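Single-structure report; data block below.
The values are calculated or read from the model by the stated rules, or taken from the named source; none is laboratory data. What you see is a predicted model; the values in this text were computed from it and never measured. Quick reminder, even Gly has a Cβ in these numbers, built from the backbone with ideal geometry, and neighbours come from all protein chains shown. Heads up: the accessible areas ignore ligands, DNA and RNA and are worked out on the full protein's heavy atoms, side chains in. Shrake-Rupley method; radii C 1.70, N 1.55, O 1.52, S 1.80 Å.
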Amino acid sequence: MKINRSAWSALMVTLCLTPAALAFPNDLLFSEADLPRIRANTEDPALRAYWRELRDKDIHADKDFLREAFIYVIDGEEERAQNALKYLMETVRLDRWHHWQDRDGTPVGFLRTAAKTASVALAYDWLYPHLSPADRAEVLDALANKGCQPMYHGLYGMKHPDEVLGWEFVPGSPFMGVVQDFSRFPHILGHNNFRAVVNGGLALGLFVIGDNDERSAEWEAILLESIPFFNSLIQDDGSYDEAVSYINYALKYQIMAMEVVKRKRGIDFFDTANFTGLIDFVLAMYLPNHLERHGSISFGDAGPSLESFAAFWIAHETRDSQAQHLGLNYANHYWSSFLYYDPSVRPAPPTDGNNFVETELDWVIYRTGYEVDDLVLAMRSGAPMNHEHADRNSIMLKAYGEILLADTVPLTYDGRTPEWVMRTAQGHNMILIDGQGIEYHDGREGVNASRSSAKIVRRGERSGHVFWTSDATPAYALITPDVRSVTRSVILFPTAPCLIVIDKVTKTSDPSVISARWHLESKDQNGSIHVEDANRFTIHRPNARLHLQVAGPPGWSTRSGRLDFPAIEKEYHFAETTSDQSAQEALLITVATPLRPDEADPVAAVSFDASRWEINYLKQGSRIKLQVHDRGPIPEFEVIRNDFRP
């Protein structure tokens, strides 16, 4: 099915008679009446530098016609319009916008298709007076047949997976071979960020084409189902399982879909998700550090934090002062930030009551604040997710601007490459049993979910310390069936600061060698690990270090190691503490202290008598005394003394 050519021809003739009325014929995200407000935002101190940054970019280098068209709309520079028009039509005339197809060759549109459709649709609206009637017809045909219809096939397949013959990459796609098994992809892609991106592309393309294509009704029907479906993937508390950078990517398109549907159909999907809760989730995951000013806790493949466009949109919708504060202080900007920023919303920083968080995903985060030097400690427990790593019970630690226990990103998406091992337990801060960790897949389905689950079984906050325990037994048992129990308990004294990790492993019958790995932040290859003796070692970064001491039965020793990948010129360093002998039961106590470069090492004496372990910790004249009673799968602890109180 094609666009109704006679209808479009008549429309073109009519529109060409009234050129003064041609600006913004579709009013997709804003109208001419909104321009004074948007222009004012480009001059606001909060966004002025970013506006200059956009204006300084070279379209001939990156061919970003959407950015250039947006600048033209705001500033009216004719050269911007002509440059945008050139690369717009170049994109329109590409043979295809899709990387995917069904087995019979039917085009299926996802990320690339949605991005091109969204950009072409918006640029068409903003550059309309500069397009000839022939250009307009060509753009509309491409939007329909290279954009909307392939994306409709994608959403239809997600809804009716039994009717999919077999999705695959088109011949010649740069992703050929990365995925070997596509059989579950209609379900997998229907439950992750792909759906949101398609929503945005389809919505913008659809409302440019309007009723002039006989397929538009079915496009719109499936879109109106898909928008709230994606919003339902956000947890009730606002958390999102692919983590922050992926919800950021998704919202770039999902917000546009929601906005254009509200403008065109009067349907408001805002309250089909807890977007104010999402702000709380983003703040909980915020990880500013010297390598990434607006970083986020990198569970799985996730990278940077939420950009300001989404925070400003939520602040505008709800008058949420914390969302406004996040957008102004804890976020990078994006072009649509100018659309949603409302300077009348008063910002307010997050309160201390949000410092200790357990999300509905069973992720636990503690922080002392939101600045670069503040401490952040996080553990990944919970269920499988897309873009995950084999990281149940793994922890991350940041202090004094440095990531001191790292969860490495970015990593390969290709299971055929040697670097894939970094996605497994061996690449994380966690327990290994005879060198093996928890269950993970081989990448045949890409970076989809595994079967590994863990659960937070205890969590509490007491005067001067916080604690929690995660049970990852089911995840380890998928690889080592003889496992009876694997738990990790974390006790943090934030004022010291001092972290105590208690790992307990119990086997049913066969003795095993147990080890724990602790990874250096290797992104910039600017750090080192120094092993002082069998039980003491230090992780060094330029602005901080982490002093660690270990103890427990049956006795432990530590070495430094690394994983080398010469083909990609990367190496990853870690310390590994290993039991001196095989045992059916092992207890490992690790005492870790973040330190500034000029601070003296603390003294941690770990001893055992007939019934309990005792930790006596001394730092700069202040003490912690803690007893550990090894009575079962979860060792019990008691804080006898803590001089480090708020």
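For this structure, a couple of remarks:
- Residues (of a type in the set (Asp, Glu) and surrounded by fewer than 24 Cβ atoms within 10 Å (Cβ to Cβ)) located in the stretch 232-286: ASP236, ASP237, GLU242, GLU259, ASP268, ASP271, ASP280
- Matching residues, the stretch 211-228, being in contact (Cβ under 8 Å) with a residue 12 or more places away in the chain, open to solvent by 10 Å² or more (accessible area, probe 1.4 Å), more than 11 Å from ALA144 (Cβ to Cβ) and not acidic (Asp, Glu): ILE222, LEU224, PRO228
- Qualifying residue in the stretch 348-356 (condition: more than 18 Å from the chain's Cα centre (by Cα), under 19 Å from ALA243 (Cα atoms) and outside any helix (DSSP H, G or I)): yes
- Only listed residue being out of contact with any helix residue (DSSP H, G or I) (no Cβ under 9 Å at 6 or more places or on another chain) and surrounded by fewer than 22 Cβ atoms within 10 Å (Cβ to Cβ), chosen from ARG545, ARG559, ARG541: ARG559
- Count - residues of the stretch 279-303 that are outside any loop (DSSP other than H, G, I, E, B), farther than 13 Å from TRP363 by Cα and touching an Asp or Glu at 6+ places or on another chain (Cβ under 9 Å): 2
Okay, residues lined up against (1) over 28 Å from the mean Cα position of the chain (by Cα); (2) over 15 Å from ILE502 (Cα atoms):
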residue: ASP564; (1), (2): no, yes
residue: LYS570; (1), (2): no, yes
residue: ALA575; (1), (2): no, yes
residue: ASP580; (1), (2): yes, yes
residue: ALA583; (1), (2): yes, yes
residue: ALA586; (1), (2): yes, no
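- Taken over the stretch 574-605, the criterion of being over 26 Å from GLY401 (Cα atoms), among the aliphatic types (A, V, I, L, M) and surrounded by fewer than 14 Cβ atoms within 10 Å (Cβ to Cβ) is satisfied by ALA605 alone.
- Among all residues of the stretch 395-410, there is none that is part of a strand (DSSP E or B) and more than 30 Å from PHE565 (Cα to Cα).
- Matching residues in the stretch 99-131 - criterion: being surrounded by fewer than 24 Cβ atoms within 10 Å (Cβ to Cβ) and in contact with a Pro (Cβ under 7 Å, 6 or more places away or on another chain): GLN101, PRO107, ASP125, TYR128, PRO129
- Among the residues listed as LEU189, LEU204, the single one being under 21 Å from ALA273 (Cβ atoms), open to solvent by less than 10 Å² (accessible area, probe 1.4 Å) and either among the basic types (Lys, Arg) or more than 21 Å from the chain's Cα centre (by Cα) (or both): LEU204
- Pairs with Cβ under 9 Å, 6+ apart, first in the stretch 118-139 and closer than 19 Å to LEU29 by Cα and without any contact (Cβ under 8 Å) to a residue 60 or more places away in the chain, second open to solvent by 10 Å² or more (accessible area, probe 1.4 Å) and not in a helix (DSSP H, G or I): SER119/ASP64
- Count - residues of the stretch 393-410 that are surrounded by fewer than 21 Cβ atoms within 10 Å (Cβ to Cβ) and within 20 Å of ILE479 (Cβ to Cβ): 0
- Members of the stretch 446-481 found to be open to solvent by 30 Å² or more (accessible area, probe 1.4 Å), more than 19 Å from TRP363 (Cβ to Cβ) and part of a loop (DSSP other than H, G, I, E, B), listed by number: SER463, LEU478, ILE479, PRO481
- Filtered by the rule that a residue be free of Cβ contacts under 8 Å to residues at least 60 places away in the same chain, open to solvent by 30 Å² or more (accessible area, probe 1.4 Å) and within 27 Å of ILE456 (Cβ to Cβ), the stretch 606-640 gives VAL606, ARG612, GLU614, LYS625, ARG631, GLU636, GLU638, ILE640.
- Residues in the stretch 162-186 that are open to solvent by 30 Å² or more (accessible area, probe 1.4 Å), in a helix (DSSP H, G or I) and closer than 23 Å to ALA144 by Cα: GLU163 alone.
- Among the numbered conditions (1) more than 17 Å from the chain's Cα centre (by Cα); (2) under 23 Å from LEU54 (Cβ atoms); (3) not in a loop (DSSP other than H, G, I, E, B), the only one that ALA311 does not meet is (1).
- Subset of the stretch 411-445 (residues that are basic (Lys, Arg) and surrounded by fewer than 20 Cβ atoms within 10 Å (Cβ to Cβ)): ARG416, ARG444
- Of the residues making up the stretch 52-65, just one is open to solvent by less than 20 Å² (accessible area, probe 1.4 Å) and either of a type in the set (Asp, Glu) or touching a Ser or Thr at 6+ places or on another chain (Cβ under 8 Å) (or both), namely PHE65.
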